[in-house]
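Q: Okay, handing you the structure first.
The values are calculated or read from the model by the stated rules, or taken from the named source; none is laboratory data. Only a predicted model underlies this, so the values are computations on that prediction, with no experimental measurement involved. Cβ: placed from backbone, ideal geometry, glycine included. Neighbour counts: every protein chain shown.
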């Protein structure tokens, strides 16, 4: 695999919604068997799409509400995200994954690693609940990344 991109998305001004950005900052500190590019795409859809287009394999990190326990980590294949009920959108709520599906449906190679948020509201920093679980979340996300890109880890 070439051009493996780990892309964190979210908004750090909205507590746990920024978890993808916070994870990028932590995960890039580790050593990996393959060269990985870590980018904080934040909530800029155009920037994120430009980064995804130049990568051959993408793992996106994001807070995702899936009615699971706060801090739970789960994985979706990018090419099946459009099938998820959570991605229903209106013209007023354009979503990165919907845009990816319409513009890159035949070229999507990668996964979304979603982390269930505990609290999303205007405030800088992760919620106390997620902070308490932070070392476990980092370890679990790192393990999933290594498994998804075929690393032994």
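Q: Residue by residue through the stretch 14-36, note down the ones that are assigned to a loop (DSSP other than H, G, I, E, B) and in contact with a strand residue (DSSP E or B) (Cβ under 8 Å, 6 or more places away or on another chain). Reasoning before the result, please.
A: Taking the stretch 14-36 as the starting set, the residues that turn out to be assigned to a loop (DSSP other than H, G, I, E, B) are 28-35.
Selection gives 28, 34, 35.
Q: Still on this structure: Are any residues in the stretch 124-153 in a loop (DSSP other than H, G, I, E, B), in contact with a helix residue (DSSP H, G or I) (Cβ under 7 Å, 6 or more places away or on another chain) and surrounded by 17 or more Cβ atoms within 10 Å (Cβ to Cβ), and if so, which ones?
A: Within the stretch 124-153, 126, 127 meet the criteria.
Q: Out of the residues in the stretch 1-38 that are within 20 Å of residue 150 (Cα to Cα) and without any contact (Cβ under 8 Å) to a residue 40 or more places away in the chain, which is nearest to the chain's Cα centre (by Cα)?
A: By that ranking, first place goes to 24.
Q: I'm told residue 47 meets every condition in (1) surrounded by fewer than 21 Cβ atoms within 10 Å (Cβ to Cβ); (2) under 25 Å from residue 71 (Cβ atoms) except one. Can you identify the failing condition by its number?
A: Among (1) surrounded by fewer than 21 Cβ atoms within 10 Å (Cβ to Cβ); (2) under 25 Å from residue 71 (Cβ atoms), residue 47 violates only (2).
Q: Please state which one of 59, 39 is in contact with a strand residue (DSSP E or B) (Cβ under 8 Å, 6 or more places away or on another chain), surrounded by fewer than 20 Cβ atoms within 10 Å (Cβ to Cβ), at pLDDT 95 or above and not in a helix (DSSP H, G or I).
A: Criteria check complete, one pass: 39.
Q: Suppose we keep only residues that are under 9 Å from residue 112 (Cβ atoms) and loosely packed, with under 15 Cβ neighbours inside 10 Å within the stretch 75-98. Which one would you say is modelled with the lowest pLDDT?
A: 77
Q: Could you grab me the full set of residues in the stretch 6-18 that are surrounded by 24 or more Cβ atoms within 10 Å (Cβ to Cβ), touching a helix residue (DSSP H, G or I) at 6+ places or on another chain (Cβ under 7 Å) and within 13 Å of residue 126 (Cα to Cα)?
A: Residues satisfying the conditions are 10, 16.
Q: Are any residues in the stretch 42-56 in contact (Cβ under 8 Å) with a residue 40 or more places away in the chain and outside any helix (DSSP H, G or I), and if so, which ones?
A: The answer is 54, 55, 56.
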